[in-house]
Amino acid sequence: MNEKIRLVIIDDHQLFREGVKRILAMENDIEIVADGQDGSQAVHLVETFEPDVILMDINMPNMNGVEATKELIERFPDVKVLILSIHDDESYVNHVLKTGATGYLLKEMDSDALVEAVKVVASGGAYIHPKVTHNLINEYRRLANEDEEQLGAVGFREVEYQKPLHLLTRRECEVLQLMTDGKSNRAIGESLYISEKTVKNHVSNILQKMNVNDRTQAVVEAIKKGYVLVR
């Protein structure tokens, strides 16, 4: 994107909100146009400032993040909603995504993940916190296994594991596996003794080679095709 990403931040904890603003204000391609403390303010601020992305807490008084997301998507279908939450349970995530949100971040994220999430969502992709992605994949796998057992089918559960060395380098295979394990870029770098910048380059190469838009899609495709182990 050539123009700056216009961002609204909504969170009822002022100290947290100010901290997020300080982190994102350091980015030259992100402009924080407004901030507020509940879902009803979110609707008003989006109407007034027409942001590209709204970064919003899920638990707030008056109108929570889920209710606000639903109303925002109905009234402003082009706005991208990135949810902030302390909950990593897949039921929360599924409920939020069904309302139209395109991202889900845990409040334990590091600053790099926050910046990356805003930029990915603004560019049309989806961003789900790596820890949450892992939980979603495990739940998806469990449900798929149950369906196969009931139908007597052979499919997702019995895909043969084989590293995709025809597509990715050995190092990229390692990174893809750690992405599936729910590791952040920083944690992947620590596991492989490489810099976080190098990890980001590997992730970008993986997305390009697998022809997907974001980490979540890469992990889902990798599991379906047997490129990784779900553990």
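Rule-based calculations on the coordinates, nothing more; no lab input. Since this is a predicted model, take the numbers as computed values, not measurements. Virtual Cβ from ideal backbone geometry, glycine too; neighbours counted across all protein chains shown.
What to note about this one:
- Cα shape, the range 7-125, gyration tensor, a/c 1.5 rule: rounded
- Estimated FRET transfer efficiency (LEU229, ASP112; beta-carbon r; R0 35 Å; 0.05): 0.85
- Rounded, prolate or oblate (a/c below 1.5 giving rounded, otherwise prolate when a/b exceeds b/c) for the range 97-139 by Cα gyration tensor: oblate
- As a calculated quantity, the FRET efficiency between GLN217 and GLU50 at R0 = 30 Å, using C-beta atoms, amounts to about 0.60.
- Ratio Rg/Rh [Cα only; Rh per Kirkwood] for the chain: 1.00
- Straight-distance crosslink candidates among lysines, where the alpha carbon sits under 29 Å from LYS197 and sequence neighbours closer than 8 are dropped: LYS4, LYS21, LYS80, LYS107, LYS119, LYS131, LYS163, LYS183, LYS209, LYS224, LYS225
- With each label modelled as a point 7 angstrom along the Cα→C-beta vector, the LYS98-ILE194 pair spans 3.9 nm.
- Degrees between helix 170-180 axis and first principal axis of the chain (Cα, 0 to 90, nearest 10): 60
- Once the Cβ-Cβ distance of LYS21 and LEU165 is raised to the sixth power relative to R0 = 41 Å, the FRET efficiency obtained is 0.40.
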